[in-house]
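Engineer: Dropping a structure here in structure tokens format, bear with me for questions.
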Amino acid sequence: MKLIFLGPPGAGKGTQAQKLMTELNIPQISTGDILRKAIREETPTGLVAKGYIDRGELVPDEVVIAIVRDRLQEKDCENGYILDGFPRTVPQAEVLDTIVSIDAVVDFELPNEEIINRLSGRRVCPKCNSTYHVSRLESEDCPACGEKVIQRKDDMPETVLNRLQVYEKQTAPLIAYYKEKGALRVVDCLGLTVEDVYAEVKKVLGI
Ligand code: AMP
């Protein structure tokens, strides 16, 4: 299955993608994770991306399109994949349409108030990429691997507001774009646990 996970930052796309990739045995392709790795490794792409990410802006289309184009050619993508955080603009979606035929787009919906609460309390493990809400952590150590968890710079309050505006303006138009194509499957995440959302995802995908 070739899937796109769409939705505002903090809606749980990454968590759900990790669960589904294990079950379907297909890779999760997170452009955010790829860009953060490039920044850590100080590659030319990382150097370009850093300023945009730190400000909560989108990295230029041509940069992320090149990343995804390369990644989709890898062998593990043969049986499908979950695109998590890509496309994020209509031009990215238009280019993607010329490369592959997507089976479904899952749109994770969550009100802004809840997004702000989730993102400002989000902690991530820099080693294994697990994410947590600070209220559920007993210490600063990642329960999965023991590494010290951190707060992403772009999860700081002022950047979160900017990311939400960017989402509304640049990414939300993709909802209509994929609805028109008949590919959109909406999951309303408010008040649902991770497991409940996962059950909904499977339901809307018919799996
Ligand atoms: P994420 O981890 O998906 O929230 O992405 C973190 C940041 O990476 C975003 O706020 C953007 O700056 C950048 N980014 C990730 N995916 C894309 C994309 N498809 N297009 C542009 N920028 C992206």
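The values are calculated or read from the model by the stated rules, or taken from the named source; none is laboratory data. Predicted, not measured: the structure shown is a model, and the values here were computed from it. Quick reminder, even Gly has a Cβ in these numbers, built from the backbone with ideal geometry, and neighbours come from all protein chains shown.
Engineer: Can you tell me which residue within region 9-35, out of those that are in contact with a Ser or Thr (Cβ under 8 Å, 6 or more places away or on another chain) and surrounded by fewer than 24 Cβ atoms within 10 Å (Cβ to Cβ), is modelled with the highest pLDDT? Outline the logic, then answer.
Structural biologist: Taking region 9-35 as the starting set, the residues that turn out to be in contact with a Ser or Thr (Cβ under 8 Å, 6 or more places away or on another chain) are 14-15, 17, 35.
Keeping just the survivors that are surrounded by fewer than 24 Cβ atoms within 10 Å (Cβ to Cβ) gives 14-15, 35.
On the way: Gly14: 93, Thr15: 92, Leu35: 97.
Ranking the qualifying residues of region 9-35, first place goes to Leu35.
Engineer: Would you call Arg88 at pLDDT 95 or above, of a type in the set (D, E, K, R), under 25 Å from Leu190 (Cα atoms) and not in a strand (DSSP E or B)? Spell out the reasoning first.
Structural biologist: On the way: at pLDDT 95 or above: yes; of a type in the set (D, E, K, R): yes; under 25 Å from Leu190 (Cα atoms): yes; not in a strand (DSSP E or B): yes.
So Arg88 fits the description; yes.
Engineer: Report, ordered by the first and then the second residue, all pairs with beta carbons closer than 7 Å, sequence separation of six or more or different chains, a first member in region 84-100 that is away from the ligand (no atom under 12 Å from the Cβ), and a second member that is among the aliphatic types (A, V, I, L, M).
Structural biologist: These pairs meet every condition: Ile99/Leu72; Val100/Leu72.
Engineer: In addition: Restricting the first residue to region 178-207 and requiring it to be within 16 Å of Ile102 (Cα to Cα), which pairs with a second residue that is surrounded by 14 or more Cβ atoms within 10 Å (Cβ to Cβ) and among the hydroxyl-bearing types (Ser, Thr, Tyr) meet a Cβ separation below 8 Å and a spacing of at least six or different chains?
Structural biologist: Qualifying pairs under 8 Å: Leu184/Tyr178.
Engineer: While we're here: Restricting to region 123-134, and then to whatever is part of a strand (DSSP E or B) and more than 14 Å from the chain's Cα centre (by Cα), can you tell me which residue is modelled with the highest pLDDT? Please lay out each step first, then the result.
Structural biologist: If we filter region 123-134 for residues that are part of a strand (DSSP E or B), which is where we start, we get 123-124, 131-133.
So of that shortlist, the ones also more than 14 Å from the chain's Cα centre (by Cα) come out as 123, 132-133.
Working: Arg123: 96, Tyr132: 92, His133: 93.
Selected residue: Arg123.
Engineer: Which residue pairs have Cβ atoms closer than 7 Å, lie 6 or more positions apart in sequence or on different chains, and pair a first residue in region 109-131 that is of a type in the set (D, E, K, R) with a second residue that is buried (at least 16 other Cβ atoms within 10 Å of the Cβ) and part of a helix (DSSP H, G or I)?
Structural biologist: What qualifies is Arg122/Asp155.
Engineer: Filter region 43-57 down to the residues that are crowded, with 19+ Cβ neighbours inside 10 Å and under 14 Å from Asn162 (Cα atoms), then identify the one that is nearest to the ligand (Cβ to nearest atom).
Structural biologist: Among those residues, the one meeting the criterion is Ile53.
Engineer: Something else: In region 135-148, is there at least one residue being in contact with a helix residue (DSSP H, G or I) (Cβ under 9 Å, 6 or more places away or on another chain), of a type outside the set (Ser, Thr, Tyr) and assigned to a helix (DSSP H, G or I)?
Structural biologist: No, region 135-148 has no match at all.
Engineer: Ok, one more. Tally up the residues in region 41-65 that are assigned to a helix (DSSP H, G or I) and in contact (Cβ under 8 Å) with a residue 12 or more places away in the chain, please. Outline the logic, then answer.
Structural biologist: From region 41-65, those assigned to a helix (DSSP H, G or I) are 44-55, 61-65; that's our starting set.
Still in the list and also in contact (Cβ under 8 Å) with a residue 12 or more places away in the chain: 45, 48-49, 53-55, 61, 63-65.
The total comes to 10.
Engineer: For residues that are within 14 Å of Leu110 (Cα to Cα) and out of contact with any helix residue (DSSP H, G or I) (no Cβ under 8 Å at 6 or more places or on another chain), scanning just region 153-187, find the one that is surrounded by the fewest Cβ atoms within 10 Å (Cβ to Cβ).
Structural biologist: Here the residue is Glu168.
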